[in-house]
Amino acid sequence: FKAGWDLLCFCLLLYCSFSVPYSIAFDDSVKGASSSGMTQMQQFDLFVDIIFLLDTALAFLTGVENQGFIIRDLRHIASHYIRSWFILDLGGSIPFDLIVATIYDDTSAPAASSSNLIRSLRLLRMIKLMRAVKFMNRLSKLKQKDGYETFSSAISLFTAAFFLVFVGHLLGCFFSLIAEYEDDNLNWVHKYDPSLQDAPVNERYILALYWAVITITTMGYGDVTPATNMERIYAIVVALIGAMVFSFCMGTISSLIMQVANFDLRCEEKMRAVVEYTQFREFSSDLKRKVKAYYSCSWKRSAIPYLEDKILDEVTSRLRH
């Protein structure tokens, strides 16, 4: 049950990492739970919130690892969880935006459809962005689980790719959001194509995502440009963040490639030393070939490249034998 539950929460965290920024930028709905017109997306988001509330409760019954041992004492589990993820999990699981919208519906307040309410709901939805942090944390823990060591490089690669795509998605959504707080005749959307003001939100999202990705990857074609001072300031911040994020992701991917090729590089270095030695001693061509064949076969089948002697010296005698 626990494995299936964790998989469900993992998939929902991935979904929320992308749906929450999108809803902040493009969902202007202010309908509460009592409204008859809740969209299917709102209903599904409510289901997701309930799942995460249950997950928060189950966390108080789930053992925690400490120095290689699983602690099952409920008091220790509760203390550890409250001091770590409890506040973020609880704050990100309660549907504050839906609660506020429902209160306005019940009181029939005239401000329910005002821009102030929409802005308030967007601010409340930002709390759910903590789920992206939780998703990254679960990815890092996944690499440490028994049986997943083989997939460590693949998980690290997925983490770097997810981080890059998520940051691009988040910055693109906020770029579109900023345009709504600027004059409709002055913002970047109007500057690029005035017809986009009334176009479906998907078209504006794709354009904003395109701008964010191009900016993060330092290409900057210049076809989509900020038009107001606020948008220019945001573009500067995005450029600075993008430089760091892109460098981090590319560095991580390069490091993973080096790890995969590390064994072959050690073999090539050893073979290079053998070839130089045979040349120094002026071995015959036939002898050179035999020596190279011997090392090529025996070295790749032995434990020498894995520093077996050094590893065994560092473990206890009981583990060694």
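The values are calculated or read from the model by the stated rules, or taken from the named source; none is laboratory data. As the structure is a computational prediction, the values presented were derived from the model and not from experiment. Here the Cβ is made from the backbone with ideal geometry for all residues, glycine too, and neighbour counts use every protein chain on show. These accessible areas exclude ligands, DNA and RNA; they are computed on the full protein's heavy atoms, side chains included. Shrake-Rupley method; radii C 1.70, N 1.55, O 1.52, S 1.80 Å.
Relative contact order of the chain, taken over Cα pairs closer than 8 Å and 6 or more residues apart, is 17 percent.
For Lys292, a cut-off of 16 angstrom between C-alpha atoms picks up these lysines, skipping any fewer than 8 places away in its own chain: Lys270, Lys300.
Straight-line cross-link partners of Lys290 among the aspartates and glutamates, defined as a Cα under 15 Å from its Cα and at least 8 positions apart when in the same chain: Glu276, Glu282. Under a 5 Å amide H cut-off, with hydrogens placed 1.01 Å from N, Val64 pairs with Ile71 among residues at least 5 apart or on other chains. For the residue pairs Lys288/Lys310; Lys2/Lys141; Lys2/Lys128, the C-alpha atoms sit more than 19 angstrom apart in Lys288/Lys310; Lys2/Lys128. Only aspartates and glutamates eight or more places from Lys134 in sequence, or on another chain, were considered; those with a Cα closer than 18 Å are Asp6, Asp45, Asp49, Asp55, Glu65, Asp89.
The share of accessible area on the chain that comes from carbon and sulfur is 63 percent, using a 1.4 angstrom probe. Based on C-alpha pairs under 8 angstrom that are at least 6 apart in sequence, segment 169-321 has a relative contact order of 18 percent.
Going by average Cβ neighbours within 10 Å, how do the peptides 85-98, 229-242 rank, with the highest at the top? Kindly include the intermediate steps, with their values, before the conclusion.
Working: 85-98: 18.1, 229-242: 15.2.
Per-residue mean Cβ counts within 10 Å order the peptides as 85-98, 229-242.
Which helices, taking whole DSSP H runs in the chain, have alpha carbons extending 30 angstrom or more along the helix axis plus mean Kyte-Doolittle at least 0.0? TM-like helix candidates: 2-26, 152-180, 229-260. Fully extending the segment from Ile311 to Lys145 would add 57.6 nm, taking 0.36 nm per residue of separation and subtracting the current Cα-Cα distance. Calculated accessible area for segment 164-237 comes out at 51 Å² per residue, all protein chains present (probe 1.4 Å; ligands, DNA, RNA ignored). With the highest mean first, a sort of the peptides 163-169, 219-225 on other beta-carbon atoms found within 10 angstrom per residue produces 163-169, 219-225.
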